[in-house]
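Single-structure report; data block below.
The values are calculated or read from the model by the stated rules, or taken from the named source; none is laboratory data. What you see is a predicted model; the values in this text were computed from it and never measured. Cβ coordinates were reconstructed from backbone atoms using ideal geometry, including for glycine residues, and neighbour counts include every protein chain displayed.
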Amino acid sequence: MRKAIVSIRDRLDRVGVLLSGLCVVHCLAGLVLVSVLGLGGELLLSPAIHRVGLALAVGIGALTLGLGALRHGQRMPLLIGSAGIALMACALIVGHGVAEAAFTVAGVALVATAHIRNLRAAG
């Protein structure tokens, strides 16, 4: 049973890294497509997408990074992930544009780093 739980947590850490990467691609593609080509603004920059992304980051991060900290005793992945989630939340506040992209990219980079560190500490 314990092995199954560890496996699920490890998979969720990997999903967290994947979602972080997809978030960066979405953010940068959105900026390019909307600002340069004027395409897809309503879909790519929809506030709902950002709220869902933040909710996923909080849920997966809290579960995997929190459980990881309890398991291996290292709090650094949890602290790094929390800082990343805070930056992602700031991106929701500043509105669309370069500042939003900067907060988002910095936040997801920290979250991805936290998940990677969590995987390494658990290994």
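Among the residues of region 50-86, write down those that are of a type in the set (Ser, Thr, Tyr) and buried (at least 21 other Cβ atoms within 10 Å of the Cβ).
Residue satisfying the conditions is THR64 alone.
Which fully enclosed helices (runs of 4 or more DSSP H) of region 1-84 have 2 or more residues being modelled with pLDDT of 85 or more and farther than 30 Å from HIS96 by Cβ?
Details: elements: 2-31, 41-44, 47-72.
Counting at least 2 such residues, we get 47-72.
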Residue under question is ALA89, and the condition is that it be closer than 15 Å to LEU54 by Cα and either surrounded by fewer than 21 Cβ atoms within 10 Å (Cβ to Cβ) or of a type in the set (A, V, I, L, M, F, W, C) (or both); does it hold?
yes
In region 64-123, which residues are of a type in the set (S, T, N, Q) and more than 20 Å from ALA29 (Cα to Cα)?
THR64, GLN74, SER82, THR113, ASN118
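Would you point out which residue out of ALA99, ALA89, ALA109 is part of a helix (DSSP H, G or I), closer than 26 Å to PRO47 by Cα and at pLDDT 90 or above?
ALA109
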